[in-house]
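The values are calculated or read from the model by the stated rules, or taken from the named source; none is laboratory data. Small disclaimer: the values here were computed from a predicted structure and weren't measured. Positions of Cβ are backbone-derived with ideal geometry, glycine not excepted, and every protein chain shown enters the neighbour counts. These area figures cover heavy atoms from the full protein model, side chains too; ligands, DNA and RNA do not enter into them. Shrake-Rupley method; radii C 1.70, N 1.55, O 1.52, S 1.80 Å.
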Amino acid sequence: MASVLVTDGGTRSALSIARSLGRRGHRVIIGAETPRSISYYSKHCSERFLYPSPSVDRGGFEEVLIKYVSNNEVDLLIPVSDLTSIPISTRKEELAEHTTVCCPDRAMMDKAFDKHQTLKAAQRLDVPIPKTHFIESLDEVRSVADELRYPAVVKPRCSWYWIDGKVVSGSRRYVSSKEELLQTYQGMSAEMPYPMIQEMIHGSGCGLFALTSNGVPLATFAHRRLREFPVSGGVSTLRESVAPDEMVREYGIRLLEGMGWEGVAMVEFKMDDESGVP
């Protein structure tokens, strides 16, 4: 029997992990940022561990976590969300002195969390991506504006980022004209420099999930999205398990292998209504 620390106890993902581990006889320690987190109430939760929210006190979260694993028996640490995985990957070497850490190192996390780096990797590996303009100066936006087919998408390199230890969201915006693009881009770039500009793909979303070791898949799973919020494209609110589409599986595994990904991942696609290509 192993002692496993699972973070993000307020999420349904953490609850599922706790149930799976608990049914197999493992001791499950649930870490969370609020005392009323859903996983705390599972019969499989053997111990509760309260930590500072990494979204408002990243440094405090890291220090409390390192102190906990150094003073307690923890055989495996499983971070569940990006909010905990990124700080944990940053301090992975220190944490690994006391426990096995189930996440990639910081360099690999950065490569996957930064959409710019992920899409560049996909291009090198011949994995289809929307037509994307990787902007490096505001002057480039003016020249790109005349080439675009509107509506277009202005997307920050990261969905969120830390400033002075606190999380700031970086949401995408849709623009329908050259004038709107220039105005929107300038405002977004002031918050997070040089977001990308992409063509808008119309179609349904699907995801390939994999557990990999050095990029080699040990297990795969797939779903397709039935509903998203907002409906223009966002977080999936209803999904259906499906057999992996052959192209989705091929491209997803190619990307993970090419990046040398270690651990659990989801590669997300949108099936283009026009071409049928993910």
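Of note:
- In summary, the stretch 65-141 shows an alpha-carbon radius of gyration equal to 1.51 times the 2.2 N^0.38 Å reference for compact globular proteins.
- Each residue, V242 and S169, gets one label point 7 Å from its Cα in the Cβ direction; the gap between the two is 2.8 nm.
- The H on the amide N of R157, modeled in the peptide plane, is under 5 Å from the matching H of M196, each at least 5 residues off or on a different chain.
- Taking a straight line from the alpha carbon of K43, these lysines sit under 27 Å away, with near neighbours fewer than eight places off in the same chain left out: K67.
- Within the chain, percent of DSSP bridges classed antiparallel, to nearest 5: 75
- Taking 7 Å steps out from each Cα toward its Cβ at D105 and Q123 produces label points 2.6 nm apart.
- When the helices of the chain are scored as -39500 (n - 2.57) per DSSP H run of n ≥ 4 and the total is divided over every residue, the value at 222 nm lands at -10000 deg cm²/dmol.
- Counting every alpha-carbon pair across the chain, the share separated by more than 36 Å comes to 20%.
- Net lengthening on full extension, K43/L138 (0.36 nm per residue, minus Cα-Cα): 28.7 nm
- Dipole check for the stretch 172-278: with +1 at the C-beta of Lys and Arg, -1 at the C-beta of Asp and Glu, and the Cα centre as origin, the magnitude is about 260 Debye.
- Largest accessible area first, the residues H26, H202, H116 order themselves as H202, H26, H116 under a 1.4 Å probe with ligands, DNA and RNA left out.
- Sites S81 and E147 - FRET efficiency at Förster radius 25 Å, r taken between beta-carbons, to 0.05: 0.10
- Built amide H within the under 5 Å cut-off of D272, gap 5+: V277
- With θ taken as phi - 60° and the Karplus curve 6.51 cos²θ - 1.76 cosθ + 1.60 applied, the whole-hertz 3J(HN,Hα) list for the stretch 85-102 is 5, 5, x, 5, 5, 5, 10, 4, 4, 5, 5, 5, 5, 10, 7, 7, 9, 8 Hz, x standing for glycine and proline.
- For M196, the shell of other residues with beta-carbons less than 12 Å away shows a net charge of +3, using +1 for Lys and Arg and -1 for Asp and Glu.
- All lysines inside 24 Å of K111 as judged from Cα atoms, apart from same-chain residues fewer than 8 positions distant: K92, K120, K131, K155, K166, K270
- Relative contact order, percent, the stretch 158-202 [alpha-carbon distance under 8 Å, six or more residues apart]: 22
- Taking the three principal axes of the alpha carbon atoms in the stretch 123-255, the coordinate ranges are 45, 38, 32 Å, sorted in descending order.
- Inverting the pair-averaged 1/r between distinct Cα atoms of the stretch 9-103 gives 13.3 Å as its Kirkwood hydrodynamic radius.
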